[in-house]
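*Asks:* The structure under discussion is supplied below as structure tokens; questions concerning it will follow.
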Amino acid sequence: MTSIQASVDSAMARIIADEDAHVAHNYHPLPVVISRGEGAWVTDVEGKRYLDLLSAYSALNFGHGHPAILAAAQEQLNRLTLTSRAYHNDRLGPFAAALAELCGKDLVLPMNTGAEAVETGIKVARAWGYRVKGIEPDAATIVVAKGNFHGRTTTIVGFSDDAQARDGFGPFAPGFLHVPFGDAAAIEAAITPSTAAVLIEPIQGEAGVVLPPEGYLRAVREICTKNDVLFIADEIQSGLGRVGETFACDREGVVPDVYLLGKALGGGILPLSAVVADRDILGVIRPGEHGSTFGGNPLAAAVGLRVVEMLSTGEFQTRAKALGGHLEAALTGLIGHGVTTVRVAGLWAGVDIDPAVGTGREVAERLIARGVLVKDTHGQTIRIAPPLVVRATELDWAVEQLRVVLAA
């Protein structure tokens, strides 16, 4: 090892040690320290480059530092960043109008994080249940899917079946009924006169990019319509171009009553989330009943407007669909060679690793050495979600690095 290399390694170790010493250990990061990013690539403090196949869990759908998004942010930074909703600002209205049009809905309720969007959706569903459907006070229920991941607030982990997220944080709020993901008949059986909503991810991301059976979303839509129940689609990871459509629900031509959006909506620049629905649903929320100091701030609205404008062209959806087919073909070739199963929707893949070659975490760590960043989940699965600006040749190179790691 050269003295220069030893110095760099020592610097890397010091950065990680400093973080470990002063940041709460609510994450277990992979051992890489990133300092710069551009497009689909990031660079660590050593100057080594990596192909980013995580995209911050789809928050970076448009890549690192997309010039159009940076320009929108910089322009707004020089004008106005925050007013709170105590006053109007000149960016929120245009953003909300554009996002409502993209979703085919009337109203937008802006928040910041994905978990906030889910919590807001729950409040909206309950208010709608009481004020419109006529459910008895404090009796509303919401049907959710097993294996879900909607965030980590206490309400949300209360209806999770992930022990790591849930255990040790009770007591939990009542009112949630669990059914198997992909089982529309189980949803229908769980619905009672007190059911306000069905809340599902069209594709379960944290679970390992788990796809429902064909026709599931259409069946959920029909069941909710028939029983006067809201269909709430958590498209925080699956939406905004990731799966080759604007929304994962578009894969079955389904329109939910409520969209929950986040991650990519902020362009990888800042947190921005939203609940989007028609007036007869979102109109149940009255002034003072819900809010956020930063929700709908002009900086986030300017960035969100630019994101919506970029999605409105269809360019990114088309890229994700075409490149997703390319990725699926490449990954399928690894089945039987260290991979047991592959699930792909657009540029989003769950790859189950054969236990004989290691855990998902171990494979992710080995890929770091070869310049590829992925993330493990639930033991044996790695998730692949590159920025939608990635090139086919870059995907081929990444899959080749995975093949080498598995063979070794």
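*Asks:* Could you tell me whether Val275 is touching a Gly at 6+ places or on another chain (Cβ under 7 Å), farther than 17 Å from Gly241 by Cβ and open to solvent by less than 20 Å² (accessible area, probe 1.4 Å)? Steps first, answer last, please.
*Replies:* Values: touching a Gly at 6+ places or on another chain (Cβ under 7 Å): yes; farther than 17 Å from Gly241 by Cβ: yes; open to solvent by less than 20 Å² (accessible area, probe 1.4 Å): yes.
Yes, satisfied.
*Asks:* Same structure again: Taking only pairs six or more apart or across chains, which ones have beta-carbon atoms under 6 Å, a first residue in segment 81-97 that is closer than 9 Å to Ala301 by Cβ, and a second residue that is of a type in the set (D, E, K, R) and exposed (fewer than 13 other Cβ atoms within 10 Å of the Cβ)?
*Replies:* none
*Asks:* Quick one: Gly325 ticks every box in (1) touching a residue at least 12 places away in the same chain (Cβ under 8 Å); (2) part of a helix (DSSP H, G or I) bar one, so which box is it?
*Replies:* Failed condition: (1).
*Asks:* So, Leu367, is that one surrounded by 14 or more Cβ atoms within 10 Å (Cβ to Cβ), without any contact (Cβ under 8 Å) to a residue 60 or more places away in the chain and out of contact with any strand residue (DSSP E or B) (no Cβ under 6 Å at 6 or more places or on another chain) or not?
*Replies:* Numbers: surrounded by 14 or more Cβ atoms within 10 Å (Cβ to Cβ): yes; without any contact (Cβ under 8 Å) to a residue 60 or more places away in the chain: yes; out of contact with any strand residue (DSSP E or B) (no Cβ under 6 Å at 6 or more places or on another chain): yes.
Yes, satisfied.
*Asks:* I'd like to verify a number: residues in segment 135-190 that are of a type in the set (A, V, I, L, M, F, W, C), over 18 Å from Gly121 (Cα atoms) and assigned to a loop (DSSP other than H, G, I, E, B), how many? Steps first, please.
*Replies:* Residues of segment 135-190 that are of a type in the set (A, V, I, L, M, F, W, C), as a first pass: 135, 139-140, 142-145, 149, 156-157, 159, 163, 165, 169, 172-173, 176-177, 179, 181, 184-187, 189-190.
This time we only want the ones that are over 18 Å from Gly121 (Cα atoms), so: 163, 165, 169, 179, 181, 184-187, 189-190.
Add one more test, that the residue is assigned to a loop (DSSP other than H, G, I, E, B), and what stays is 169, 181.
Count: 2.
*Asks:* Do you know which of the residues in segment 113-138 that are without any contact (Cβ under 8 Å) to a residue 60 or more places away in the chain and more than 18 Å from Asn227 (Cβ to Cβ) is least open to solvent (accessible area, probe 1.4 Å)?
*Replies:* Ala115
*Asks:* List the residue pairs whose Cβ atoms are under 8 Å apart, where the first residue sits in segment 100-112 and is over 15 Å from Val255 (Cα atoms), the second is in a helix (DSSP H, G or I) and of a type in the set (S, T, N, Q), and the two are 6 or more positions apart or on different chains.
*Replies:* From segment 100-112, the pairs are Leu109/Thr120; Met111/Thr120.
*Asks:* Enumerate the strands (runs of 3 or more DSSP E) found wholly within segment 17-77, keeping only those where 1 or more residues are of a type in the set (S, T, N, Q).
*Replies:* Details: elements: 34-38, 41-44, 49-52.
Ranges flagged: 34-38, 41-44.
*Asks:* Looking for whichever is assigned to a helix (DSSP H, G or I), within 19 Å of the chain's Cα centre (by Cα) and crowded, with 21+ Cβ neighbours inside 10 Å here; the options are Ala320, Ala302. Which one fits? Steps first, answer last, please.
*Replies:* Values: Ala302 fails: within 19 Å of the chain's Cα centre (by Cα).
None of the other options fit; the residue is Ala320.
*Asks:* Given (1) of a type outside the set (S, T, N, Q); (2) open to solvent by 30 Å² or more (accessible area, probe 1.4 Å); (3) closer than 15 Å to Val258 by Cβ, identify the lone condition not met by His150.
*Replies:* Answer for His150: the failing condition is (2).
The values are calculated or read from the model by the stated rules, or taken from the named source; none is laboratory data. Computed from a predicted model, the values in this text were never measured in an experiment. Every residue, glycine among them, receives a Cβ derived from its backbone with ideal geometry; neighbour counts consider all protein chains shown. Only protein heavy atoms, including side chains, enter the accessible area calculation; ligands, DNA and RNA are left aside. Shrake-Rupley method; radii C 1.70, N 1.55, O 1.52, S 1.80 Å.
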